[in-house]
Amino acid sequence: MIEFTLTPSGAHRVRFAISPLDELLAALQAAIGLRDHPPGVPRLAVDALGALPIAELLSVLGDPRYVCEFLSPPTTGHDTTAAAQLAEVRRTPAAQVRAELDALNVDVGGWGSDPGRARDLLADQLETGWTELMAPHWPALRDVLHADIRYRSGRWAAGGLDAAVTGLHPDVRLAEHSDADAVVVRNPARARVPLDRRGLLLVPSAFTWQRTSVIAVAPWRPSVIYPARGIAGPRAVRSDGTRLARVVGRTKARLLVALAEPMDTSALARLLHLAPSTVSEHLAALRDGGLLSTARRGHVVLYARTALGDELARR
């Protein structure tokens with residue numbers, strides 16, 4: 001059990017963030033068979049892995065019990081980019097790289113003798129993997145993660161941290177203690193981590209879909225990675241044969257099921273690989289039929305299912 005204690009200095013620094021490199025590492029592990037692939041989420045081109053010069057990175061990811069934390073440094077917020085994280089990877093102190101490589105249960109070719117070279121090589125391979133494999137899918141995946149954060153933020157605004165944490169995953173809860181409350185994560189490890197000025201990051205993931213993971217060791221920012229609710233969205237791509245599709249049509253059915261979380265027209269177009277004009281036309285029809293509602297957030301109009309839309313989407 002990991003307990004992140006909500007101290008006075010850290011309790012108000014709990015926030016949501018996304019981690020592009022976490023998604024890449026999890027996707028690569030799924031591609032090489034070390035974890036199950038989430039249904040409906042785009043698969044990386046497994047056949048392309050052998051042709052890419054990332055053998056050392058795949059070797060490091062071959063330890064099923066441990067992933068080097070420096071390969072996906074904690075993020076700064078919900079707009080963190082892969083480029084910003086890669087810059088952080090390249091700045092990792094050599095001593096930290098050595099310590100993390102030494103913890104692996106795989107042969108890394110004696111890189112511990114030159115951790116600076118190992119860091120630079122792995123950073124280059126991360127960049128290659130991102131550019132060639134993940135970047136084409138990232139806009140749609142990022143939309144899913146942002147939709148999750150919008151939902152959680154709304155719950156937080158309505159009911160505080162307890163409401164936001166409730167439902168992240170069965171392994172995560174807010175516990176009340178006599179000395180200080182804590183965000184508790186069921187985990188084989190045992191630790192109580194008082195939150196300091198670094199706070200705590202809550203990070204939704206499309207590829208960490210059956211479990212949670214935590215970062216609880218210095219010098220990294222404490223983090224809880226949890227399955228994004230929005231992974232229901234990509235599953236909608238495969239839901240064309242439902243009874244709903246026979247009633248409202250294939251495209252409207254896909255849109256209705258995809259809207260497990262509120263999304264805008266552009267995000268839905270990217271997710272379902274449709275033209276924005278097509279999406280807009282069908283969304284208007286669903287709204288006019290009482291199946292969707294709209295709400296403006298800044299310059300963006302978000303579509304959400306009504307109670308009737310929820311009922312139909314479950315059919």
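The values are calculated or read from the model by the stated rules, or taken from the named source; none is laboratory data. It should be emphasised that the depicted structure is a prediction, and the values quoted were computed from it without experimental measurement. With ideal geometry, Cβ positions are generated from the backbone for all residues, glycine too; neighbour counts draw on all protein chains shown. To get the accessible areas, we keep the full protein, side chains included, count just its heavy atoms, and leave off ligands, DNA and RNA. Shrake-Rupley method; radii C 1.70, N 1.55, O 1.52, S 1.80 Å.
Some observations on this one:
- Rolling a 1.4 Å probe over the protein chains gives Thr278 an accessible area of about 50 Å².
- Alpha-carbon Rg/Rh ratio, for the chain, with Rh computed the Kirkwood way: 0.99
- Atom-type composition of the exposed protein surface of the stretch 88-203 places 48 percent of the accessible area on carbon and sulfur (1.4 angstrom probe).
- Gyration tensor verdict on the stretch 93-231 (Cα atoms; rounded if a/c is under 1.5, prolate if a/b is larger than b/c, oblate otherwise): oblate
- Note: relative contact order over the chain, using C-alpha pairs below 8 Å and six or more positions apart, is 22 percent.
- Long-range HN-HN contacts of Arg192 with modeled amide H, under 5 Å: Glu3
- Counted charge near Arg13, where neighbours are those whose Cβ lies closer than 12 Å (Asp, Glu -1; Lys, Arg +1): +3
- Degrees between helix 115-129 axis and first principal axis of the chain (Cα, 0 to 90, nearest 10): 20 degrees
- Helix axis angle, 20-31 relative to the chain longest principal axis, alpha carbon, degrees: 90 degrees
- A simple spin-label model places pseudo-atoms 7 Å from Cα toward Cβ; at Asp63 and Ala304 they are separated by 4.4 nm.
- CD proxy at 222 nm, helix term only [per DSSP H run n ≥ 4: -39500 (n - 2.57); per residue of the chain; nearest 500]: -12000 deg cm²/dmol
- Subtracting the Cα-Cα distance of Ala48 and Ala135 from their residue separation scaled by 0.36 nm leaves 29.9 nm.
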